[in-house]
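Since the structure comes first, as structure tokens, the remarks are kept for the end.
The values are calculated or read from the model by the stated rules, or taken from the named source; none is laboratory data. Please read all numbers here as calculations on a predicted model, not as lab measurements. Quick reminder, even Gly has a Cβ in these numbers, built from the backbone with ideal geometry, and neighbours come from all protein chains shown.
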């Protein structure tokens, strides 16, 4: 039974990686088409990208889906509900600006963009914690990291901020999601300490 579950997780992970690559390719096509003014192709690529995104999200662990929902519901910095979704922008997306990690997402329910900020010092606490797991060969559940973070010195970190940081690190390849088993920290993880923050 355990072997069967492990095999399913491996297949899910492989499919997620394939879909992530496909989604990245479609985003590149969208950007190229938009730059060339081929807006019909942008719309077509967007439709395909949304389909891929939906398939990818259906394969994600339940804990990550719940975290994404928590991030959205905890938002305190939403755009007006009448603002239309920017077809040229892929959600969620991240920025490192003015000593904050900013995640901007799109609420399907409210049809509006929303964003969250994670202070640089909080982000660096999370990075420091995950760096200590770089030598681990087995996947670690995000909840384990969260509990470890709670035991460190400093102000408590809201769970949604923790998952915003995890999302950024996963999106940029610093950590790797292994199906429902958890995450592995990349050997190149230390490079995150030298990333550039926009002014």
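Brief remarks follow.
- Residue that is surrounded by the most Cβ atoms within 10 Å (Cβ to Cβ), among those in region 122-147 that are modelled with pLDDT of 90 or more and farther than 16 Å from residue 184 by Cα: 123
- Strands (runs of 3 or more DSSP E) lying entirely in region 93-135 (those with 1 or more residues that are touching a residue at least 60 places away in the same chain (Cβ under 8 Å)): 93-97, 100-107
- Annotation: residue 108 fulfils all but one of (1) exposed (fewer than 12 other Cβ atoms within 10 Å of the Cβ); (2) at pLDDT below 75; the unmet one is (2).
- Taking the numbered list (1) farther than 19 Å from residue 163 by Cβ; (2) at pLDDT below 80; (3) surrounded by 13 or more Cβ atoms within 10 Å (Cβ to Cβ) in turn, residue 99 passes all entries but (2).
- Region 68-96, subset over 22 Å from residue 169 (Cα atoms) and in contact with a helix residue (DSSP H, G or I) (Cβ under 6 Å, 6 or more places away or on another chain), residue modelled with the lowest pLDDT: 87
- Residue 157 vs. criteria in contact (Cβ under 8 Å) with a residue 60 or more places away in the chain and either surrounded by 12 or more Cβ atoms within 10 Å (Cβ to Cβ) or within 20 Å of residue 196 (Cα to Cα) (or both): no
- Tally, over region 177-187, of residues that are modelled with pLDDT of 90 or more and loosely packed, with under 15 Cβ neighbours inside 10 Å: 0
- Residues in region 142-151 include none that are assigned by TED's automatic domain parsing to the domain that holds residue 97, more than 15 Å from the chain's Cα centre (by Cα), farther than 21 Å from residue 101 by Cα and assigned to a strand (DSSP E or B).
- Residue in region 162-171 that is in a loop (DSSP other than H, G, I, E, B) and either modelled with pLDDT under 90 or within 28 Å of residue 98 (Cβ to Cβ) (or both) present: no
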